[in-house]
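Below: the structure, in structure tokens.
The values are calculated or read from the model by the stated rules, or taken from the named source; none is laboratory data. All figures in this text were calculated on a predicted structure; none of them were measured in a lab. In this analysis, Cβ positions are derived from the backbone assuming ideal geometry, glycine residues included, and neighbour counts consider all displayed protein chains. We work out accessible area using only protein heavy atoms, side chains counted, and drop any ligands, DNA or RNA first. Shrake-Rupley method; radii C 1.70, N 1.55, O 1.52, S 1.80 Å.
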Amino acid sequence: MESVINCAAYCKGRRVSNIQINEVGEVLKQSDRFVWIGLHEPTEELLEQVQEEFGLHDLAIEDAHRAHQRPKVENYGDSLFIVLRTAQITKKAPYQIEFGETHFFLGENFIVSIRHGSSISYTEVRNRCEKTPDLLQKGPAFALYSIMDAIVDQYFPVIQELESELESVEDKIFKERPSRETTESIYQLKRQLLEVKRAVSPLIDICNKLMRSDLVLIPDDTRPYFRDIYDHSVRLNEMVDNARELLGGALEANFSMISIAQSDVSKKFAGWAAILAVPTMIAGIYGMNFRWIPELNWHWGYPFVLGITFLVCLLLYFLFRRSGWL
């Protein structure tokens, strides 16, 4: 089946055979072996077959098929159902984040991973685990840790790219003229960070549940590994919160720069209006058609009035220029 990426049986941390889905039941009867299955966009029929082989709960299978779940961990007695969201960033500008989901079924001697949407293959994770059989012999819980660790690590370059984009936006705010495109970029970044926050914030709670001593499907010698994921999750949440805080500050700064630019324009209009008011006033006075205006009979009267008007306008221009209004 194309949906089955890998299906193998392991004994003491080493792959002993590749098997078919319908052979899982026979392998599970051997107490020293566990099964690791990787699925990608499985059909409903395939999930029903997996449910039959492992005895999985109906509600968990229904959630795994719908693939629109929030990150969570649910205990169904003899198995765990875990949902994580994956993220990777496209290489095109402006950067866009593609989210996907990975679901896990974890039992005492099996682990099933189901990928939905945008997500890289976990073949490399499996290969790394197979190179360390002394760790893989810890069982399905270590395989779960390895994939979860890879998923969490994928968020670091995503957040770093968003931080780089944020720095670019800050440069536009303070080094270029305020524009509508800058505001749109800020809101786009804000939406992306909100989506990342929704994906990474539940990781802390998930890791806390997996580290609990009453969860028998996670052996004691495996819990410290989930503590490592917990530390990464806390760091991710701090990075996202810091980026969101900086983004909020950038948005306020952008609005402030727009207000300052509008104020500068208003000052320029007011300055030029004051300058133009002088010749307008003088022309208005001379346009009232008085019968007796002394300088009308003076040979230099007309150039004198023009000169005074020009000098007053020039004086106002330098005063406004000096005060920063022009």
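For the reader, a short list of remarks on this structure follows.
- Taking label points 7 Å from Cα along the Cα-to-Cβ direction, Cys11 and Thr90 give a separation of 4.8 nm.
- Kirkwood-based Rg to Rh ratio, the chain, C-alpha trace: 1.41
- Per atom type, the range 93-198 shows carbon and sulfur on 46% of its accessible surface, probed at 1.4 Å.
- Helix 44-54 and the long axis of the chain differ in direction by around 50°, with both axes built from C-alpha atoms.
- Sorted peptide list for 197-210, 114-127, criterion being average Cβ within 10 angstrom, highest first: 197-210, 114-127
- Inter-probe distance in nm under a simple model that places probes 7 Å from Cα toward Cβ, at Lys175 and Ser201: 3.4
- Theoretical FRET efficiency, 1/(1+(r/R0)^6), r = Cβ-Cβ of Leu59 and Asn242, R0 35 Å, to 0.05: 0.40
- Full extension of the segment from Glu52 to Arg33, taken as 0.36 nm per residue of separation minus the current Cα-Cα distance, would add 4.9 nm.
- The helix-based estimate of mean residue ellipticity at 222 nm for the chain, built from -39,500 (n - 2.57) per DSSP H run of four or more residues and divided by its residue count, is -20000 deg cm²/dmol to the nearest 500.
- Here is the size of the range 1-135 from its Cα atoms: Rg then Dmax, 15.4, 52 Å.
- Estimated distance in nm for a label pair at Val265 and Lys190, the labels positioned 7 Å out from Cα along Cα-to-Cβ: 2.2
- Cross-link pairs Lys29/Lys209; Lys29/Lys138; Lys175/Lys268 - those with Cα-Cα distance over 23 Å: Lys29/Lys209
- Between Phe81, Thr123, Phe104, the Cα set farthest toward the positive side of the dipole of the range 76-156 (charges on each charged residue's Cβ, about the Cα centre) is that of Thr123.
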